[in-house]
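**Student:** Okay, here's the structure, questions in a sec.
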Protein chains: 2
Amino acid sequence: MSVTAAKGFTAAGIAAGIKQNGNPDLALVVNNGPRRAAAGVFTSNRVKAAPVLWSEQVLKGAQVSAVVLNSGGANACTGPKGFQDTHATAEKVAEVLGRAPIEVAVCSTGLIGVLLPMDKLLAGVETAAAQLSEHGGEKAAIAIKTTDTVHKTSVVTKDGWTVGGMAKGAGMLAPGLATMLVVLTTDAVLEDDALDRALRAATRTTFDRVDSDGCMSTNDTVLLLASGASEVTPEYEEFAEAVRQVCDDLGQQLIRDAEGASKDIKVEVVGAATEDDAVEVGRSIARNNLLKCAIHGEDPNWGRVLSAIGTTKAAFEPDRLNVAINGVWVCKNGGVGEDRDKVDMRYREVHIVADLAAGSETATIWTNDLTADYVHENSAYSS
Amino acid sequence: MSVTAAKGFTAAGIAAGIKQNGNPDLALVVNNGPRRAAAGVFTSNRVKAAPVLWSEQVLKGAQVSAVVLNSGGANACTGPKGFQDTHATAEKVAEVLGRAPIEVAVCSTGLIGVLLPMDKLLAGVETAAAQLSEHGGEKAAIAIKTTDTVHKTSVVTKDGWTVGGMAKGAGMLAPGLATMLVVLTTDAVLEDDALDRALRAATRTTFDRVDSDGCMSTNDTVLLLASGASEVTPEYEEFAEAVRQVCDDLGQQLIRDAEGASKDIKVEVVGAATEDDAVEVGRSIARNNLLKCAIHGEDPNWGRVLSAIGTTKAAFEPDRLNVAINGVWVCKNGGVGEDRDKVDMRYREVHIVADLAAGSETATIWTNDLTADYVHENSAYSS
């Protein structure tokens, strides 16, 4: 159901010929109202793709009538011509739908440094518009895939209103492609600022904590569109929780589909003095290549966890640190704990708990192991 | 010649039985004076191994009579017992040599979280002391190897005085082993503060910029011992340059022997507003797993360089960035530059130049590619 689970939305996904292999590569999501409120969060990479620069301006108006998304080309590092192409795409969508270009967000994903085939893309917009449907969410989700092996959608339905969404990417794991794109829709009645607040709160503890390979994309975009078609105004807290649930579900799907990964690693930091400390420590552990290799080898190498914690500025005493891997406290008080042979690492999910013994704050970061398949997928591509 | 190239030093390297495979695993370096000045720099990891905690105290006295180094066990995360073991080792060396324990530095490398076999280690100290020789530098360099495929030594001889040294490790690339150990010796006559200044200046632009896999060890130690036996007092600048040359040479040897690597990557940042900016950008590029995979695949993927630059706080404008790979400016003004097919990446050394076009400062960081062999070596170990 994806982005068309909520009332007031239509979508389509087609093959416009942008991808050379003929797979679907163009998606269109349209908000038919009555309201067209929207919020967005974008990559914090300072090298931003043209569609990000454009969509950031669109979202400043907080009114979005449509989102057009293409795979097969990121339109990043493409200079003024790339930005003109993004603008032309928005104008085409606006023309076909009878809306203003400044209400059309644009997302692209694919190789960096290559201009898009605009003739195919603009013709594709017309084809997609002709196929817009209240059942088009699935096809839209399929059309934004790059190296994804499955398309990702999620829906939460509450009393008379719904939040749904689609995502592509694998954390920031994809190669030159390098992008996570997410479009969420709801038919709840909400003001712009509530939408914005709910989306930022949700991404902060979900997508922002999915850190498959530590690499940040030039194109990452998460959009939330609200049609108001349900005519229901939910309590803010309930709405925010529904958005968080959809983001959390999509984030988990991204981790499970990360390129070349054989393990999904949940890094849970507890006993931190502050949430920022917990996040910093979690990221440091999640980005440690030596640990990620050890997990791949099913080796409960807690020394590499301590080594990663030691590189942070978080509050802790080295001789009070505790580490559990899959429920076994292999490190206690900074030294050897329970027998590491007790750790069962045969399954895909691995759970690391790092206890800083410095407070009561926590944070969870999700990552993957580092594998020969990851190296292969990311070295064989684009050459 | 290694640590015994300079006059006033003897060394030995033996197999004490710490390593289960019977390879050499214990080295002893002795400063026979007349002076025993010394300086040291240690890992900035807050989780420090017992020998680092001990040797930091030793170096506060700036007098070092001997350094004892073992491979086969890092003595890290080993609690109070681990520290007692380090202390007992220093006491044993002091007893055998007739010096004070507080003048004996201790270095260990190997698995984290395992206590050392002290009976073998202490017996080994006696054996090593009996074999001390002015020709023992080579054997000492061999005894500190862990996953190193070759031992690393370097010597610079000037007018009547010499700086020599040995190193083990591969940046911070080694697995649980995780350590770079370096001992430098000189027979020049120098005060403590000049030694300290020269060593810090040298490591800042050499070992600190060798960043094979971004992982920081619990045990990294670089020591510089001065015997004064040449009776020559060199100009500070000339001495500092000699120390830098030895450090640079040893650093290059570490990169060339990095585990599982097939490429040595020189990341040269130019046009930076400040040296700190240049170093931050260089490290960000050097630590980008996607780029390291691309280099492994001989793919001049400049989009991944820009993406890495974009995550930093350095001063730059995205549309003024330029990137050259092996002499070809594949990215100009933030977009497509010269034909990427012109880039020849068949050789082991790869040279990336990132021009921030924001000033005149520069820095060079050395790293390696990310390979399936790296994953294999670091996942198969210790399980």
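**Student:** Determine whether the range A:34-56 contains at least one residue that is in contact with a Gly (Cβ under 8 Å, 6 or more places away or on another chain), open to solvent by 50 Å² or more (accessible area, probe 1.4 Å) and at pLDDT below 95.
**Tutor:** yes
**Student:** B:ALA201 versus (1) of a type outside the set (Phe, Trp, Tyr); (2) open to solvent by 30 Å² or more (accessible area, probe 1.4 Å); (3) in a loop (DSSP other than H, G, I, E, B): which is the lone unmet condition?
**Tutor:** Checking B:ALA201 against (1) of a type outside the set (Phe, Trp, Tyr); (2) open to solvent by 30 Å² or more (accessible area, probe 1.4 Å); (3) in a loop (DSSP other than H, G, I, E, B), the one that fails is (3).
**Student:** Right, another one. So which residues in the range B:46-62 are closer than 19 Å to B:GLY79 by Cα and of a type in the set (Lys, Arg), if there are any at all?
**Tutor:** First pass over the range B:46-62, keeping only residues closer than 19 Å to B:GLY79 by Cα: B:46-57.
Across the range B:46-62, the qualifying residues are B:ARG46, B:LYS48.
**Student:** Could you run through the range B:277-305 and say how many residues are within 16 Å of A:CYS77 (Cβ to Cβ) and at the interface with chain A (Cβ under 8 Å from one of its Cβ atoms)?
**Tutor:** The total comes to 8.
**Student:** Turning to a different aspect of this structure: If I go through the range A:242-253 residue by residue, how many of them are open to solvent by less than 10 Å² (accessible area, probe 1.4 Å) and out of contact with any strand residue (DSSP E or B) (no Cβ under 6 Å at 6 or more places or on another chain)? Talk me through it step by step, then tell me what you get.
**Tutor:** Keep residues of the range A:242-253 that are open to solvent by less than 10 Å² (accessible area, probe 1.4 Å), which gives A:242-243, A:246-247, A:250-251.
Narrowing further to those that are out of contact with any strand residue (DSSP E or B) (no Cβ under 6 Å at 6 or more places or on another chain): A:247.
Residues flagged as open to solvent by less than 10 Å² (accessible area, probe 1.4 Å) and out of contact with any strand residue (DSSP E or B) (no Cβ under 6 Å at 6 or more places or on another chain) within the range A:242-253 amount to 1.
**Student:** Could you figure out which of (1) closer than 22 Å to B:ASP213 by Cα; (2) within 14 Å of chain B (Cβ to nearest Cβ); (3) under 13 Å from the mean Cα position of the chain (by Cα) isn't true of A:GLU259?
**Tutor:** For A:GLU259, the failing item is (3).
**Student:** Scan the range B:209-241 residue by residue and report those that are open to solvent by 20 Å² or more (accessible area, probe 1.4 Å) and within 14 Å of another protein chain (Cβ to nearest Cβ).
**Tutor:** Within the range B:209-241, B:GLY214, B:MET216 qualify.
**Student:** Hey, A:ALA16 hits all of (1) open to solvent by less than 30 Å² (accessible area, probe 1.4 Å); (2) assigned to a loop (DSSP other than H, G, I, E, B); (3) within 19 Å of A:ALA229 (Cα to Cα) but one; which does it fall short on?
**Tutor:** It is condition (3) that A:ALA16 fails.
**Student:** For residues that are closer than 15 Å to B:VAL106 by Cα and not β-branched (Val, Ile, Thr), tally how many sit in the range B:13-48. Walk me through how you get there before you give the answer.
**Tutor:** The initial filter retains those residues of the range B:13-48 that are closer than 15 Å to B:VAL106 by Cα, namely B:13, B:25-31, B:38-43, B:48.
Still in the list and also not β-branched (Val, Ile, Thr): B:13, B:25-28, B:31, B:38-40, B:42, B:48.
The total comes to 11.
**Student:** Hey, among the residues in the range A:234-265 that are at pLDDT 95 or above and touching a Leu at 6+ places or on another chain (Cβ under 7 Å), which one's farthest from A:THR185 (Cα to Cα)?
**Tutor:** By that ranking, first place goes to A:PHE239.
**Student:** Applying the selection to the range A:313-329, what residues are farther than 23 Å from B:PHE83 by Cβ and at the interface with chain B (Cβ under 10 Å from one of its Cβ atoms)?
**Tutor:** Within the range A:313-329, A:LYS313, A:ALA314 meet the criteria.
**Student:** Another question about this same structure. Which number in (1) within 23 Å of B:CYS215 (Cβ to Cβ); (2) part of a loop (DSSP other than H, G, I, E, B) marks the one condition that B:LEU190 misses?
**Tutor:** (1)
**Student:** Quick check on my filter: what residues within the range A:193-218 are more than 24 Å from A:GLU268 (Cβ to Cβ) and at pLDDT below 90?
**Tutor:** Of the residues in the range A:193-218, the ones more than 24 Å from A:GLU268 (Cβ to Cβ) are A:193-199, A:217-218.
A:SER217, A:THR218, listed by residue number.
**Student:** If you take just the helices (runs of 4 or more DSSP H) that sit entirely in the range A:264-383, which of them hold at least 1 residues that are in contact with a Cys (Cβ under 8 Å, 6 or more places away or on another chain) and open to solvent by less than 40 Å² (accessible area, probe 1.4 Å)? Show your work before the answer.
**Tutor:** Numbers: elements: A:275-286, A:289-296, A:302-309, A:372-380.
Those helices (runs of 4 or more DSSP H) span A:289-296, A:302-309, A:372-380.
**Student:** Anything in the range A:33-58 that is within 14 Å of another protein chain (Cβ to nearest Cβ) and either of a type outside the set (D, E, K, R) or in contact with a Ser or Thr (Cβ under 7 Å, 6 or more places away or on another chain) (or both)? List them, or say none.
**Tutor:** Residues satisfying the conditions are A:PHE42, A:THR43, A:SER44, A:ASN45, A:VAL47, A:LYS48, A:ALA49, A:ALA50, A:VAL52, A:LEU53.
Yes/no per residue for (1) open to solvent by less than 40 Å² (accessible area, probe 1.4 Å); (2) modelled with pLDDT under 95; (3) in contact with a Gly (Cβ under 9 Å, 6 or more places away or on another chain); (4) assigned by TED's automatic domain parsing to the domain that holds B:LEU28:
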| residue | (1), (2), (3), (4) |
| --- | --- |
| B:LYS92 | yes, no, no, yes |
| B:GLU103 | yes, no, yes, yes |
| B:ILE112 | yes, yes, yes, yes |
| B:GLN131 | no, no, yes, yes |
| B:ALA143 | yes, no, yes, yes |
| B:ALA174 | yes, yes, no, yes |
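The values are calculated or read from the model by the stated rules, or taken from the named source; none is laboratory data. Since we're looking at a predicted model, the values are computed, not measured. FYI the Cβ positions are ideal-geometry reconstructions off the backbone, even for glycines, and counts take in every protein chain you see. For accessibility, only protein heavy atoms count, side chains too; no ligands or nucleic acids. Shrake-Rupley method; radii C 1.70, N 1.55, O 1.52, S 1.80 Å.
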